[in-house]
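The values are calculated or read from the model by the stated rules, or taken from the named source; none is laboratory data. None of the values given here were measured: they were computed from a predicted structure. Here the Cβ is made from the backbone with ideal geometry for all residues, glycine too, and neighbour counts use every protein chain on show.
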Amino acid sequence: MDEKTGADRVYQDLKKSCNRNEDKNLKTKADVLKSMDNRLKSDCLRYKKYFNINVFDKKQYDFALDTTSLTKEEVFDRVYAYIKKEIKMRRKIDKK
């Protein structure tokens, strides 16, 4: 998902409820975007330090989904379809 869409979704969620694991005092979308940027930088450093991986290297993942323009239902459907396909493939491999 692109950064601005992500920040907007977090900001909208924070307006409804403050039950998210986010920085305190996030009053604007710009505050949320900066907080998310700081967290991403921190996560990247941590994953490099402990696991020696680049979190942006798509070879690290079996599945990636850009959710920027998808509804929750569409995200669920695509993830569910991927998992179903994987289970089916693995069952075929196990039978050999």
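Out of D13, D37, D77, I need the residue that is surrounded by 10 or more Cβ atoms within 10 Å (Cβ to Cβ) and in contact (Cβ under 8 Å) with a residue 24 or more places away in the chain. Which one?
D37
Given the residues D57, D62, D37, D77, which is the only one that is of a type in the set (D, E), within 30 Å of K16 (Cα to Cα) and under 15 Å from the mean Cα position of the chain (by Cα)?
Within the list D57, D62, D37, D77, the selection yields D37.
Here's the yes/no breakdown for (1) over 22 Å from G6 (Cβ atoms); (2) part of a loop (DSSP other than H, G, I, E, B):
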residue: F63; (1), (2): no, yes
residue: T68; (1), (2): no, yes
residue: R78; (1), (2): no, no
residue: A81; (1), (2): yes, no
residue: K88; (1), (2): yes, no
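Would you point out the residue of segment 46-59, among those that are hydrophobic (A, V, I, L, M, F, W, C) and loosely packed, with under 11 Cβ neighbours inside 10 Å, that is modelled with the highest pLDDT?
F51
For segment 16-31, which residues satisfy the criterion of being at pLDDT below 85 and surrounded by 13 or more Cβ atoms within 10 Å (Cβ to Cβ)?
Of everything in segment 16-31, those that are at pLDDT below 85 and surrounded by 13 or more Cβ atoms within 10 Å (Cβ to Cβ) turn out to be E22, D23, L26, K29.
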